[in-house]
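Please treat every number below as a calculation from the coordinates, not as lab data. On a predicted model such as this, the values are computed, not experimentally measured, just so you know. No Cβ is skipped: glycine too gets one built from the backbone with ideal geometry, and neighbour counts run over all protein chains shown.
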Ligand code: AVJ
């Protein structure tokens with residue numbers, strides 16, 4: 001069966017974890033699909049486009065904070081650390097840190113091997129002295145880093161407010177896992193988006209050009225591309241809301257009419273007004289962020305923010 005499909009070229013082989021998350025997510029109430037599935041090739045391109053939008057302040061704000069903070073980070077962290085980046089993706093922020101800290105070793109960790117190899121090659125060319133050791137792994141669990149850097153103190157780097165995708169319970173687990181992975185004497189440089197006026201937050205996730213809408217809708221397109229599915233894309237619309245109780249932006253796909261479709265032979269019915277919850281982006285005030293870090297076993301030692309207080313960067317020690 002598998003062989004026939006490949007020969008006919010009628011169906012690409014879907015990631016079984018994607019299939020399982022989509023089916024389980026649409027069967028549960030409220031319906032929800034994990035945000036990690038946004039990032040296929042098209043989704044990653046759309047996210048890159050989001051980072052350039054006038055409404056999407058986090059990327060450019062964090063980059064400008066890094067320009068100021070990294071020389072100070074280098075001073076506090078001292079020489080001779082290995083920089084370990086979590087979920088490196090195609091990060092354009094990494095060179096700012098590497099230029100300031102000048103580590104001997106850089107370990108980018110990502111679940112997407114393709115992206116990892118591509119960006120490692122670019123960085124190795126940009127920093128010829130640097131030993132780049134790409135590590136393909138799911139960083140949600142404690143990792144065994146390469147033996148060669150066992151005794152080298154680590155500086156973890158987790159920019160982009162990616163931690164905001166997790167509910168606090170998961171965020172704490174992740175911080176603990178990072179502490180275990182990075183070992184004795186480790187430091188962590190982490191970006192978190194701050195709580196602010198919903199009039200600023202909501203447009204950042206619902207831009208005028210509709211790029212974020214396309215990013216959200218691409219999840220349905222991906223389901224139709226990779227699974228045996230006939231989701232009527234035009235029946236859904238992008239929705240971004242501020243959940244004040246939980247201090248997070250939520251993205252949903254809202255059915256605009258009753259719709260019926262099948263995925264992998266399973267029938268689904270969705271009523272007009274019902275949503276599929278696709279992402280959380282938690283925001284943290286300064287005290288919230290410090291409590292979160294401490295809950296995860298990290299002691300905050302320094303915070304940097306931009307003049308408008310939109311975004312924060314924290315340096316913490318294990
Ligand atoms: C990559 C998780 C930091 O939450 O701001 C951007 C993802 N989603 N626009 C964020 C995202 C919609 C982004 N993170």
Worksheet item: Based on the Cα atoms of the chain, what semi-axes does the equivalent ellipsoid have, where each is the square root of 5 times one gyration tensor eigenvalue, given in whole Å with the largest first?
Response: 35, 24, 17
Discussion item. Please report the projected area of the range 217-268's Cα convex hull averaged over all directions, in nm².
Written reply: 4.3
Fill in: the range 44-92 and the range 103-139: distance between their alpha carbon centers, rounded to Å
15
Item to complete: Pull out a ≥ b ≥ c, the square roots of the eigenvalues of the alpha-carbon gyration tensor of the range 57-97, then state rounded if a/c is under 1.5, prolate if not and a/b is larger than b/c, and oblate in the remaining case.
Response: oblate
Worksheet item: Using only helices, what value at 222 nm comes out for the chain when you add -39,500 (n - 2.57) per DSSP H run of length 4 or more and divide by the total residues, to the nearest 500 deg cm²/dmol?
Response: -11500 deg cm²/dmol
Worksheet entry | Virtual spin-label span in nm between residue 256 and residue 228, 7 Å along Cα→Cβ | 3.1
Item to complete: Normalise the Cα radius of gyration of the range 228-318 by 2.2 N^0.38 Å (N = residues in it) and let me know the number.
Response: 1.62
Worksheet item: On a 0 to 90 degree scale, rounded to 10, what angle separates helix 168-182 from the longest Cα axis of the chain?
Response: 40
Discussion item. Strictly greater than 14 Å: what percent of every Cα pair in the range 64-128 meets that?
Written reply: 56
Worksheet item: Picking from 92, 59, 148, which is most flexible by a Gaussian network model of the chain using Cα springs under 10 Å?
Response: 148
Worksheet item: Among 245, 138, what is the fewest-to-most ranking by other Cβ atoms within 10 Å?
Response: 245, 138
Worksheet, complete the sentence: One would report the antiparallel percent of DSSP beta bridges in the chain, rounded to the nearest 5, as 65
Worksheet item: Tell me, what is a quarter of the convex hull surface for the C-alpha atoms of the range 265-307, in nm² with one decimal?
Response: 7.0
Item to complete: May I ask you to compute the full-extension gain from residue 173 to residue 301, defined as 0.36 nm times their residue separation minus their alpha-carbon distance, rounded to one decimal in nm?
Response: 44.0 nm
Worksheet item: Over the range 88-163, what per residue volume does the convex hull of the Cα atoms give, in whole Å³?
Response: 96
Fill in: Peptides 204-212, 15-23 ordered by average Cβ neighbours within 10 Å, highest first
204-212, 15-23
Worksheet item: Hey, in the GNM for the chain with a 10 angstrom Cα cutoff, which one of 30, 95, 198 fluctuates hardest?
Response: 30
Practice prompt. Report the FRET efficiency, 1/(1 + (r/R0)^6), for residue 23 and residue 48, where r is their Cβ-Cβ distance and R0 is 35 Å, rounded to 0.05.
Written response: 0.75
Worksheet item: Spin-label point model (7 Å from Cα, Cβ direction): what's the residue 197 to residue 241 distance in nm?
Response: 2.3
Worksheet item: Hey, what angle do you get for helix 58-77 against the long axis of the chain, alpha-carbon based, 0 to 90 degrees rounded to 10?
Response: 30
Practice prompt. Based on other C-beta atoms within 10 Å, arrange 184, 111, 263, 190 from fewest to most.
Written response: 184, 111, 263, 190
Discussion item. Under 8 Å for C-alpha pairs, at least 6 residues apart: give me the relative contact order for the chain, rounded to a whole percent.
Written reply: 20
Worksheet item: Just how many % of Cα pairs in the range 25-184 lie over 26 Å apart, if you round to the nearest whole percent?
Response: 29
Discussion item. I need the shape label for the range 162-239. Rule: rounded when a/c is under 1.5, else prolate if a/b > b/c, else oblate, with a, b, c from the alpha carbon gyration tensor.
Written reply: oblate
Discussion item. What do you get for the angle between helix 41-50 and the principal long axis of the chain? Use alpha-carbon atoms, 0 to 90 degrees, nearest ten.
Written reply: 60
